[in-house]
Amino acid sequence: MKKIAHRGISAQAPENTRAAFEKMIAMNADWLETDIDMTSDGELVLIHDDRVDRTSDGSGTVNDMTLIDLQKLDFGRWLSETYANERIVTLKWLVDFVNRYHFNVNFELKTALKYDKQNFYLASVCQALRQISSNVQIIVSSFDVNLLKKFHLLMPDIQTGILIASQLPDNIVTVARDIGAVYVHPDVDYLTKKQTKHLIANHLPVNVWTVNDTAVAERLKKWQVEAIFTDFPEAKTT
């Protein structure tokens, strides 16, 4: 069972920052997960929330701010003075980083962008992903199945996964096949053993988020899930 570092090593450093990603080097981790959003001037940045309030010393909506606006904010001090002055990470920086260290990546496409911005966003994401070395594995996921389908049509060679934040719908296999998704990414709080077996039987590997309890991780391993997203990728499982 793979362990995917959720927003980098986010139990030890501020999520989606250089510090969180760079901690993976010494930890000998294989996979990281991060979130791609877009600024008002069309730059791609790595941040989970639609707003900067929770993870910076600023306030505002990512899509309404320029890259320069965002680069003025401190994205580390909220966690610890040790990480004061961590700046927002661009997708360009991460592409260089994973090419250098050969980390595999799960990218989440964000869903708050206005519809008229989505095509430019997807084109920009695709352009960036084409710069990633061929020996780096990539998964692209999203809660928005229509956005994921558009991405799949643009880059059919990259594997995609449907994120689910509630009970799995009865037609999840049909939906996945309709949009070309290879994986299903369910919330650990809703997933059952029966559902896991059903997905695997239908050739849909399961990547579960967010798993920070080792006992739960052990259970999921017995269920033969493909991977877990975790803030503690260093935690041992048997």
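Restricting things to alpha carbons, find the Rg to Rh ratio for the range 175-238 using the Kirkwood radius for Rh.
Numbers: Rg = 11.8 Å, Rh = 12.1 Å.
My calculation of the ratio gives 0.98.
Based on alpha-carbon centroids, what's the gap between the range 139-173 and the range 191-238 in Å, whole number please?
18 Å
Please work out the Kirkwood hydrodynamic radius for the range 132-216, using every pair of different C-alpha atoms, and report it in angstroms with one decimal place.
One over the average 1/r among Cα pairs gives 13.4 Å for the range 132-216.
Say the dipole of the chain comes from +1 at the beta carbon of Lys and Arg and -1 at that of Asp and Glu; which of 173, 158, 91 then lies farthest toward its positive end?
173
Sort 86, 43 by accessible area with a 1.4 Å probe, largest first.
43, 86
Work out the charge dipole of the chain with +1 on the Cβ of Lys and Arg and -1 on the Cβ of Asp and Glu about the Cα centre, then indicate which of 140, 115, 68 is farthest towards its positive end.
140
In debye, nearest 20, what is the charge dipole magnitude of the chain about its Cα centre with +1 on Lys and Arg Cβ and -1 on Asp and Glu Cβ, if you could check?
Charge dipole of the chain: 800 debye, to the nearest 20.
Can you give me the % of accessible surface on the chain that is carbon or sulfur? Probe 1.4 Å, all protein chains present, nothing else counted.
48 percent
If Rh is defined by the Kirkwood formula over all Cα pairs and Rg also comes from Cα, what ratio Rg/Rh do you get for the range 102-154?
Rounded to two decimals, Rg over Rh is 0.97.
Could you sort 10, 40 by their accessible area in this structure, using a 1.4 Å probe and putting the largest first? Walk me through the numbers on the way to the answer.
Numbers: 10 30, 40 60 Å².
Sorted descending by solvent-accessible area, the residues read 40, 10.
Rounded, prolate or oblate: which fits the range 1-133, taking a ≥ b ≥ c as square roots of the Cα gyration tensor eigenvalues, rounded meaning a/c under 1.5, else prolate when a/b beats b/c?
Cα axes put the range 1-133 in the oblate bin.
When ligands, DNA and RNA are left out and all protein chains stay put, how many square angstrom of accessible area per residue does the chain have with a 1.4 Å probe?
On the way: 11340 Å² over 238 residues.
On a per-residue basis, 48 Å².
Sort out for me the Cα centre separation of the range 10-29 from the range 54-112, rounded to whole Å.
Using only Cα atoms to place each centre, the spacing works out to 13 Å.
When the solvent-accessible surface of protein heavy atoms is calculated with a 1.4 angstrom probe, in what order do 166, 56 fall, highest first?
Values: 166 60, 56 15 Å².
From most exposed to least exposed: 166, 56.
Determine the dipole magnitude for the range 166-235: charges of +1 sit on the beta-carbon of Lys and Arg, -1 on that of Asp and Glu, nothing else is charged, the reference point is the Cα centre, and the result goes in debye to the nearest 20.
Numbers: 7 positive and 9 negative charges, 80 e Å.
Result for the range 166-235 is approximately 380 debye, rounded to the nearest 20.
If you average 1/r over all unlike Cα pairs in the range 161-207 and invert the result, what Kirkwood radius do you get in angstrom?
Kirkwood hydrodynamic radius for the range 161-207: 10.4 Å.
More than 23 Å apart: what percent of Cα pairs in the chain qualify?
Taking all Cα-Cα pairs of the chain, the fraction more than 23 Å apart is 49 percent.
The values are calculated or read from the model by the stated rules, or taken from the named source; none is laboratory data. What you are looking at is a predicted structure, and each value in this text was computed from that prediction instead of being measured. Here Cβ is always computed from backbone atoms with ideal geometry, including for glycine, and neighbour counts include all displayed protein chains. Ligands, DNA and RNA are excluded from the accessible area calculation, which covers all protein heavy atoms including side chains. Shrake-Rupley method; radii C 1.70, N 1.55, O 1.52, S 1.80 Å.
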